[in-house]
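This report concerns only the one structure given below.
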Amino acid sequence: MLKYIRIALAWIFILAIMWLFLDFSGLARTWCGWMAKIQLLPAVLALNILAIAIIVGITLLVGRIYCSVICPLGVLQDGFNWLRGRFGKKTSRKNRFKYTKPQTRVRLTLLVVFIALLMAGGIWAFAAKVIAPYSAFGRMVGSIVAPVYDWGNNLLAAESEATETYTFYRVNGVNAWSMIVAGVAVVTFIVLAVWSFIRGREYCNTVCPVGTVLGLLSRWSVFGIVIDVDKCVNCGKCGKRCKASCIDTKNHWIDNTRCVDCMDCIDNCSTGAISFTRRPAHVKVSSMQLDISKTNASLKGPRKVQPTEESRRQFLVTGAIIAGTAAVATAQHVTDGGLAKLDVKHDPNRKVKITPPGSQSWDNFANHCTACQLCINQCPNLVLSPSTELDTLMMPSMSYVNGYCRPECNVCSTVCPTGSIKALLPEERAMVSVGLADVDYDHCLAASVGTSCGNCARHCPVDAITMVAIDPAHPHGRQRPVVNAAKCIGCGACEHLCPVAPISAITVNGRARHAEL
Amino acid sequence: MNRRTFLKIFGASTALAAMPGCSTTEAKAAKKPKGPMTLRTNPTTGDKVSILGYGCMRLPKIDGSDEYDQDEVNRQVDYAMKSGVNYYDTSPRYCEGKSEAIMGKALSRHPRDSYFIATKLSNFDPSTWSYEESVKMFEDSLKNLQTDYIDYLLLHSVGGDKQDMGLDSMGLFNTRFIDNGVLDFLKKERDGGRIRNLGFSYHGDVKIFDHLLKMHDDGEVHWDFVQIQLNYLDWNNAKKSNDRNTDAEYLYNELAKRNIPSVIMEPLLGGRLAKVDNHVLGQMKQRRPDDTPAAWAFRFAATPPQVLCVLSGMTKMENIEENVATYSSLEPLTDDENVFLEKIAQHILDYPSIPCTECKYCMPCPFGVDIPTIFAHYNKALLDGNVVESPDSPNYEKAKRTFLVGYDRKVEPRRQADHCIGCGGCLSDCAQHIQIPTELHKIDAYVDHLKRN
C-alpha cells in the first residue's frame, strides 16, 4: 500500500516538474512553481528557510522520502530500475542486489568537494552544477523533451492555424536550446540510465550531495523501515531486491542513511516481517561515525562568497565591425513587392553582462544559479538563453536579438528556485535598472545618415530616450537619441528595435549591481 | 469618426464578433451562370471585351510555400477562357516580377486571338526610368508574355509623387514618361501595331488626371482607354478614405464625356468590400439571398455603360467561379439598389479600417516590415470585433489572444510594426495614400497596450 502511495506521489511530482519546464502558457508556473522551490539545493542557495525546514522536518520524521518522491532525478532512476526489473535479462530481473557496506567516507568527501566547487564559482562551480540533481533533471527535460513537446505543439498550432482557431499557437524554443546544455544533459542521462539500470540507487547514495545530506539527517528519523526479527525467516529476499542495497539481512539492520523509503521491501516480504513504523532507539546507531555536526555546519553556515574577479566580468571590447549599416539607408529602392531580406543581428560585446531583473548583482546571480534552465524555458520574450561562455556555462545569458526584457514581465524572477533571480512584483520590475543604454552615433541612422528614425525613443517604455537636434540652430534638422541614465532600466527595447545590423547602434551595458530607480 | 472614438462606441459590443465565419462569402454551392458573359465593345478597335477582367496581381501560391502555383494558374486560366473571360491584366512588377512570365505560360496554351493582354510600363524603380530601360521593359513584357503585340498597354500608376527625389506628381510624370521620350516611343509602337491600345492607370493627384485628359483634348496623345479605381465606396466618398483621393464618379464622367472607355480596378477595394460585417451582410441577403457582398460590388462596378471591363485579382478558383456567375450575364444595378449601396458605403466608412488593398506597391520595406499583412491582420481583427482597448471589456482576454496569436502567426516578429522606423519611403508608393508609418505606429502602440494589460 505504502509503496503505491509513494509511486503515485512520485508520478505526480515528476510529471508536474516536467510540465513546469515544458509549459509556455504560464499555467504550470502558477500551479507547480512551488515544486521547484522545495528542491533542497535550490532552497539552500535561496536561503528559503521554510522549504528547508519542511524538507528537514519530513526527513527527520520519516527518512528520505524526498529522494523517492520530490526529487525528479531520483524518480527517473527508479524508472530505469523498474525497466530492468521488467525487461532486463530474465536471470537478473529479480534478486539482483545485495547489501553493500556504507561508503560513508566517500560520500562525505564528495559532499565537501561539491561544496568547495560550488563556492569556487566559475568553471569550478560548473562541475558541481552538473551533479546537482534537480538542475540535471531540468536540463534533460529542457533540451531533450522540450523540442519534442514544442514540435508536437507546433503541429497542433498548424492545425489550429488552418482552422482559424486560437487554441494553439506556434512556439519558438530555439533560443532556449543549446548544444552544450543538450550535450551535458544527454551524457548525464546516459550515465544515470546505465548506472541505475545496473546498480540501482548507487548514484544517490554516493555522489549526490542532496542524498548525502538527507542521509545524514535520516539517521535519526523517527519512522523508518524496521524488520521484525521474530517474523523474519531469513530468506534474504528483501536485501536482494533493495535498489539502495541498504538492507543488511544477516543482522536484520537497515542503513537508514541510504534507504529512500521506496517501501518495496514491505511488499516483497512474504512473512510480513518488514513494516514502516517507529524505529527503536538501538537501530538508530549508524555506521556513519564521522563528526556529523561539523559537516552540517559547513553546509548551513553562511556561505562564503567568492569575490568576483574583475577580469571575469570584463570583456574585450573589440570594436565590432559594423558593415552594411549605412547600406540600409542608401539601399537601392527595390520595388518588386516582395519582402526585404532581413539582416542578421548579433549581440554586442557588453562591457558588463546583463543579468535578469531580480538578480540584484552579478555576484548574487552567479553564486546562486545552478543552471537548471527553468527561467530560460519560461522566458516569454525569448531574451534568456544558455550561456556558452566558460565562466557562466549553461547559466542564463541575456540577449536582445530575439526580443527584449519587457517591463511588465517578472516571470524569471517568479520561477527561479535558487534565489539567483529574486522575486519581483510586476510593478517593481520597471523600477529596477539592469543596465544602461549607450548610443554609437557613428552608426546611428538618425545621427550619421540623417534618416528620420527615432525607433529607440518611440519604444522606450520609461521615456528615457529623447531625440535631440544635433545642431541647436536647426531644431528640425538631423536628430540623435540621448539617453537619460537616471531613467534607463536596461530593458533593451531600444537595442532590439534598432534598425542597424548586425550590431545595433544603441546597445545596453549591464550593471554589475542593479540600481533601484 | 476616428478610430479611438469608434472603439469606444463599438469596442465593448460583441455583436460583430459573434459569427466571424459568416462575414465573408459562404462555401455553399457557387451560383450558376444564367447566360453568356456580358461583353462590352471598345469604340476604337471594336474589341469585344468580357466585362470580367482577370487581374494577375495576386496569383495563387503553392500551399505553405513562396512559389507561385503555375498548375493552378493554368487551371484557372482554362476555366476563365472557357467561361468567356478574355481580358488579362498584368504588369512587369506584379508577383515580385513573376506575373508576366507565369501568365505567358498559361495564356500561350490558347490561340492568341482568343484573349487580350494588358500590361504596363511600370514606374516604381528610378533605375528603370531611362529611355533604354523603358524600351527594355516593354521588350521583356513581350518576351515574358510569349507574344509579339500587346493589346492594352498602360502607363502604370500615374499620379503619384516621389518626395524623396524632390518630384511632385507632375514632375514625376514628366520625368518618367515625357522628358525621356518614352511616350513618343509608345505612340510609335501603337502606330507600328505592337501596341493596339494605349492608356494609363491612375491613382492619386487629380491634377495629373486632368492634365492627361487635356493632352487628349489638345490632340497630343489619344488615350484608347483609362484604368481607374471605382467601387461603391469610392464613387462619391473617396475623400472620406483619404483627402488626396478623387471620387470615381468624377473620373468616370470625365472619361465618358470623351468617349474613352474605363477599365475598373479595385472593384472590391482589395477585398474590403467582400468582407463585410454581419449587419451589412444581413441587409444584402435580404435583398438578394443568393448574392455575396462581392457580387454586389462587381455589379456596381460594371453598371456604368462605358466601363469596358472590371478587373478582379484572382487567387482562388471559387472567386473566379463566383465572378463569372455574377457577370454571366450582368444584371445592372437598379436606381433603388444604387441608393441602398450608398447607405451601405456610409456604414462601412464608419469603420476605421485602414484602406489598404494589399497591392504591395509599398513593398519591400527596406527595414523588412510586412506592411500589407499587418494592415490586413488589423482590419480583420477590427471587423471581427477583436480590437478592444479597454481591459475591462468582457471580451478583452479573447480579443487580446486572438489579436496577438494571429499577429505572430501572420507576421514574423522581425517584420512586425515595431520595426517601422518611420522613414516614410513607402509614402509615395501607396496607391491609396495611406499614411503608412503613422498607421503602423498606431498598430504597434495597440500591440504594446495589449501586451502590457
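The lone criterion from (1) within 14 Å of chain A (Cβ to nearest Cβ); (2) not in a helix (DSSP H, G or I) left unmet by B:THR147 is number (1).
Condition check for B:LEU153 on (1) assigned to a helix (DSSP H, G or I); (2) within 15 Å of B:SER91 (Cβ to Cβ): one failure, at (1).
Considering segment A:63-98, and only residues there that are among the hydrophobic types (A, V, I, L, M, F, W, C) and open to solvent by less than 30 Å² (accessible area, probe 1.4 Å), the residue that is farthest from the chain's Cα centre (by Cα) turns out to be A:PHE97.
For segment A:1-55: of the residues being of a type in the set (Phe, Trp, Tyr) and more than 23 Å from A:ASP267 (Cβ to Cβ), which is least open to solvent (accessible area, probe 1.4 Å)? Looking at the filtered set, the residue picked out is A:PHE21.
Candidates in segment B:356-391 are the residues that are open to solvent by 40 Å² or more (accessible area, probe 1.4 Å) and over 18 Å from the mean Cα position of the chain (by Cα); of these, the one that is nearest to the other protein chains (Cβ to nearest Cβ) is B:PRO366. The single residue among B:GLU72, B:GLU100, B:GLU96 that is within 13 Å of chain A (Cβ to nearest Cβ) and open to solvent by 20 Å² or more (accessible area, probe 1.4 Å) turns out to be B:GLU96. Of all residues in segment B:140-169, those being surrounded by fewer than 20 Cβ atoms within 10 Å (Cβ to Cβ) and either among the small types (Gly, Ala, Ser) or not assigned by TED's automatic domain parsing to the domain that holds B:LEU186 (or both) number 1.
For (1) away from every other protein chain (no Cβ under 14 Å); (2) modelled with pLDDT under 90, each residue gets a yes or a no:
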| position | (1), (2) |
| --- | --- |
| A:GLN314 | yes, yes |
| A:VAL328 | no, yes |
| A:LYS341 | no, yes |
| A:PRO348 | yes, no |
| A:SER359 | yes, no |
| A:CYS375 | yes, no |
| A:GLN378 | yes, no |
| A:VAL383 | no, no |
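Looking across segment A:448-479, the residues that are away from chain B (no Cβ under 14 Å) and either assigned to a strand (DSSP E or B) or among the aromatic types (Phe, Trp, Tyr) (or both) come down to A:THR466, A:VAL468, A:ALA469. Within segment A:136-166, how many residues are within 12 Å of chain B (Cβ to nearest Cβ), open to solvent by 60 Å² or more (accessible area, probe 1.4 Å) and part of a helix (DSSP H, G or I)? Looking only at that region, the number is 1. As a summary of the residue check, A:ARG86 satisfies the conditions (1) farther than 23 Å from A:PHE189 by Cβ; (2) without any contact (Cβ under 8 Å) to a residue 12 or more places away in the chain except for the one numbered (1). Per the conditions (1) within 9 Å of chain A (Cβ to nearest Cβ); (2) in contact with a Leu (Cβ under 6 Å, 6 or more places away or on another chain); (3) outside any loop (DSSP other than H, G, I, E, B), the sole criterion not satisfied by B:ARG409 is (2).
Can you work out which of the residues in segment B:420-443 that are assigned to a helix (DSSP H, G or I) and open to solvent by 20 Å² or more (accessible area, probe 1.4 Å) is nearest to the other protein chains (Cβ to nearest Cβ)? In this case the residue turns out to be B:HIS441.
Please tell me if B:ALA345 is under 19 Å from B:HIS279 (Cα atoms) and either more than 9 Å from every other protein chain (Cβ to nearest Cβ) or free of Cβ contacts under 8 Å to residues at least 60 places away in the same chain (or both). Steps first, answer last, please.
Details: under 19 Å from B:HIS279 (Cα atoms): yes; either more than 9 Å from every other protein chain (Cβ to nearest Cβ) or free of Cβ contacts under 8 Å to residues at least 60 places away in the same chain (or both): yes.
Spelling it out, B:ALA345 is indeed under 19 Å from B:HIS279 (Cα atoms) and either more than 9 Å from every other protein chain (Cβ to nearest Cβ) or free of Cβ contacts under 8 Å to residues at least 60 places away in the same chain (or both).
Is it the case that segment A:412-420 has a residue that's within 14 Å of chain B (Cβ to nearest Cβ) and either assigned to a loop (DSSP other than H, G, I, E, B) or among the aromatic types (Phe, Trp, Tyr) (or both)? No, there is no match, as no residue in segment A:412-420 is within 14 Å of chain B (Cβ to nearest Cβ) and either assigned to a loop (DSSP other than H, G, I, E, B) or among the aromatic types (Phe, Trp, Tyr) (or both).
Scanning segment B:392-406 for residues that are facing another protein chain (nearest Cβ under 7 Å) and open to solvent by 60 Å² or more (accessible area, probe 1.4 Å) turns up just one, B:ARG401.
Okay, residues lined up against (1) more than 17 Å from B:TRP235 (Cα to Cα); (2) open to solvent by less than 50 Å² (accessible area, probe 1.4 Å); (3) assigned to a loop (DSSP other than H, G, I, E, B):
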position	(1), (2), (3)
B:GLY270	no, yes, yes
B:HIS279	yes, no, no
B:ALA301	no, yes, no
B:LEU311	no, yes, no
B:ILE320	yes, yes, no
B:ALA325	yes, yes, no
B:ALA345	no, yes, no
B:ILE348	no, yes, no
B:ILE354	yes, yes, yes
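Just one of the numbered conditions (1) in a helix (DSSP H, G or I); (2) at pLDDT below 85; (3) crowded, with 18+ Cβ neighbours inside 10 Å is not true of A:ILE322: (1). If you go through segment A:167-178 and keep only what is touching a residue at least 24 places away in the same chain (Cβ under 8 Å) and open to solvent by 60 Å² or more (accessible area, probe 1.4 Å), you end up with A:ASN172, A:TRP177. Within segment B:160-188, residues that are closer than 17 Å to B:LYS207 by Cα and outside any helix (DSSP H, G or I) reach partners that are open to solvent by 20 Å² or more (accessible area, probe 1.4 Å) and of a type in the set (Gly, Ala, Ser) with beta carbons closer than 7 Å, at six or more positions or on different chains, in the pairs B:GLY160/B:SER428; B:ASP161/B:SER428; B:LYS162/B:SER428.
Considering only residues in segment B:48-58 that are open to solvent by less than 10 Å² (accessible area, probe 1.4 Å) and outside any strand (DSSP E or B), the one that is nearest to B:GLU321 (Cα to Cα) turns out to be B:ILE51.
The values are calculated or read from the model by the stated rules, or taken from the named source; none is laboratory data. Model, not experiment: these values are computed from the prediction. Every residue, glycine as well, gets a Cβ built from its backbone with ideal geometry; the counts of neighbours run over all protein chains shown. Just so you know, the surface numbers come from the protein's heavy atoms only, side chains and all, with ligands and any DNA or RNA stripped out. Shrake-Rupley method; radii C 1.70, N 1.55, O 1.52, S 1.80 Å.
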